[in-house]
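Colleague: Take a look at this one; I'll ask things after.
The values are calculated or read from the model by the stated rules, or taken from the named source; none is laboratory data. Just so we're clear, the structure is a prediction, and the values are computed from it rather than from any experiment. All Cβ positions, glycine included, derive from the backbone under ideal geometry; neighbour counts span all protein chains shown.
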């Protein structure tokens, strides 16, 4: 299987463990990711705050470049915000001829053009959770993550708004499913699609720290050993700012936050270090040492007495 | 010929009619050309869902009522849209399909162009502006440059507190001191220059 790949700026440095682990896991599953040549920044949330046409044009250029190497297949983005910007631009360009003309007039200055709707884009999670057969993943597992309790964190932008590939605004399940294929326990995580605060850490720290605190608390309250994310912004906020949360709220959170591709890598037999598991602020080593050799024994439920009234299980 | 008095009234009304309402202005500015504010029933689902509404001077619901009553200056100097985290939760909850997040972006753009944003919100404007500067110089974002320049300019006291985190980022190989550049930078800059020209008046 082959895809075009748009890593985005975060995966070049702050989140390069996400990139490295994705490539390693992909290779093991026989997937080839071809980087879009000379891609540019997606504009994050900042461009749209200042200039609408330039914001759409940034993504327009990336889409145009992806179309030029379309033979490699659909376009995959590992960052939820990059993906949102690609899909949002394409969507609005399809909706408004005027916008499409403006973007194309701009692109023409650099010898490019893009016909709205001609590139299909999706999240990296969907490659591993939807495109690949479950059995293929299980076959590759060398070390099941037995006993590890994981809170699956989707974040906001991979779930909303209603562009392609967003299965459920509040309770998506594809990451849950992928994690359980690896043998780990998925804990309930009601805030799984809540926002991590995005760029608010740079604007109003108290606002951001409160959003981060809610997520950490929700994961810990549900006995998670670890939070697993699919977005570099989420990882950075929950991991690097955990210490700030503790200082600000006088809490003692100490829960590691890894990318889903990193734990896939561990399950596929890679050394944690190869997966960049040392670059996180809250060290994941201790938690990974908890992995059991065999599935934990779940106490058998008592069988209802044959004479008892049939009661629904709740 | 009607009386002069009536004629005068008609002229005033026509002039009023020709002047674009704030609501129309916002409709024109959102990407799809229709903001949906006209459909808002003031149910407050947006404010109830918003993870940041506690820090906003006006909740989104309140702001939409102010927009409908043409309080342009008050709206554009509100901090509401600067605290929007762009998570789209209100958008999927809204029973009237108001394009809330797109409206917040439109209001940011209008507040910048009109200069009506408050000093306390200049940190948001500064952050976005700085981000743009780096992207236009290199084609990619430059975290180290952005974080240091932004924090030194707007949060010099916090910048000292941030230092250990910055150091941690280096030690863990998560930050570079130099920016990455795209290859076709000249063409890229021409494209963006054109986009800005075409741009958008709003």
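Colleague: Report, ordered by the first and then the second residue, all pairs with beta carbons closer than 8 Å, sequence separation of six or more or different chains, a first member in the range A:294-312 that is in contact (Cβ under 8 Å) with a residue 24 or more places away in the chain, and a second member that is surrounded by 10 or more Cβ atoms within 10 Å (Cβ to Cβ) and in a loop (DSSP other than H, G, I, E, B).
Modeller: A:295/A:144; A:295/A:147; A:295/A:183; A:296/A:147
Colleague: Here's another thing I want to ask about it. For residue B:141, only one of the following conditions fails: (1) in a loop (DSSP other than H, G, I, E, B); (2) surrounded by 21 or more Cβ atoms within 10 Å (Cβ to Cβ); (3) in the same structural domain as residue B:79 (by TED's automatic domain parsing). What is its number?
Modeller: For residue B:141, the failing item is (3).
Colleague: Which of the residues belonging to the range A:122-155 are touching a residue at least 60 places away in the same chain (Cβ under 8 Å) and either within 30 Å of residue A:52 (Cβ to Cβ) or part of a helix (DSSP H, G or I) (or both)?
Modeller: Residues of the range A:122-155 that are touching a residue at least 60 places away in the same chain (Cβ under 8 Å), as a first pass: A:123-125, A:127-128, A:131-132, A:136-137, A:140-155.
Those that are touching a residue at least 60 places away in the same chain (Cβ under 8 Å) and either within 30 Å of residue A:52 (Cβ to Cβ) or part of a helix (DSSP H, G or I) (or both): A:123, A:124, A:125, A:127, A:128, A:131, A:136, A:137, A:140, A:154, A:155.
Colleague: When the residues of the range A:157-179 are filtered to those that are within 13 Å of chain B (Cβ to nearest Cβ) and either over 22 Å from residue A:90 (Cα atoms) or in contact (Cβ under 8 Å) with a residue 40 or more places away in the chain (or both), which remaining residue is surrounded by the most Cβ atoms within 10 Å (Cβ to Cβ)?
Modeller: A:157
Colleague: Inside the range A:9-81, counting only helices (runs of 4 or more DSSP H) that do not spill past its ends, which hold 1 or more residues that are more than 8 Å from chain B (Cβ to nearest Cβ), over 24 Å from residue A:198 (Cβ atoms) and over 21 Å from the mean Cα position of the chain (by Cα)?
Modeller: A:52-68
Colleague: (1) under 18 Å from the mean Cα position of the chain (by Cα); (2) more than 30 Å from residue B:48 (Cα to Cα); (3) more than 8 Å from chain A (Cβ to nearest Cβ): which one isn't true of residue B:102, the others all being true?
Modeller: (2)
Colleague: Would you check if there is a residue in the range B:15-29 being over 30 Å from residue A:97 (Cα atoms), assigned to a helix (DSSP H, G or I), more than 16 Å from the chain's Cα centre (by Cα) and modelled with pLDDT under 95? Before the answer, list the steps.
Modeller: From the range B:15-29, those over 30 Å from residue A:97 (Cα atoms) are B:15-16; that's our starting set.
Still in the list and also assigned to a helix (DSSP H, G or I): B:15-16.
Checking which are more than 16 Å from the chain's Cα centre (by Cα) leaves us with B:15-16.
Checking which are modelled with pLDDT under 95 leaves us with B:15-16.
Yes.
Colleague: Kindly list the number of the only condition in (1) surrounded by fewer than 17 Cβ atoms within 10 Å (Cβ to Cβ); (2) free of Cβ contacts under 8 Å to residues at least 60 places away in the same chain; (3) farther than 21 Å from residue A:157 by Cα that fails for residue B:111.
Modeller: Every condition holds for residue B:111 apart from (1).
Colleague: Looking for something under 29 Å from residue A:128 (Cβ atoms) and surrounded by 24 or more Cβ atoms within 10 Å (Cβ to Cβ) - is there at least one such residue anywhere in the range A:92-103? So that I can check it myself, show each step before the final result.
Modeller: Restricting attention to the range A:92-103, the residues satisfying the condition of being under 29 Å from residue A:128 (Cβ atoms) are A:92-94.
If we keep only those that are surrounded by 24 or more Cβ atoms within 10 Å (Cβ to Cβ) as well, we get A:93.
Yes.
Colleague: Suppose we filter the range B:172-202 for residues that are more than 17 Å from residue A:40 (Cα to Cα), more than 7 Å from chain A (Cβ to nearest Cβ) and crowded, with 17+ Cβ neighbours inside 10 Å; how many remain?
Modeller: Going through the range B:172-202 one residue at a time, the tally reaches 0.
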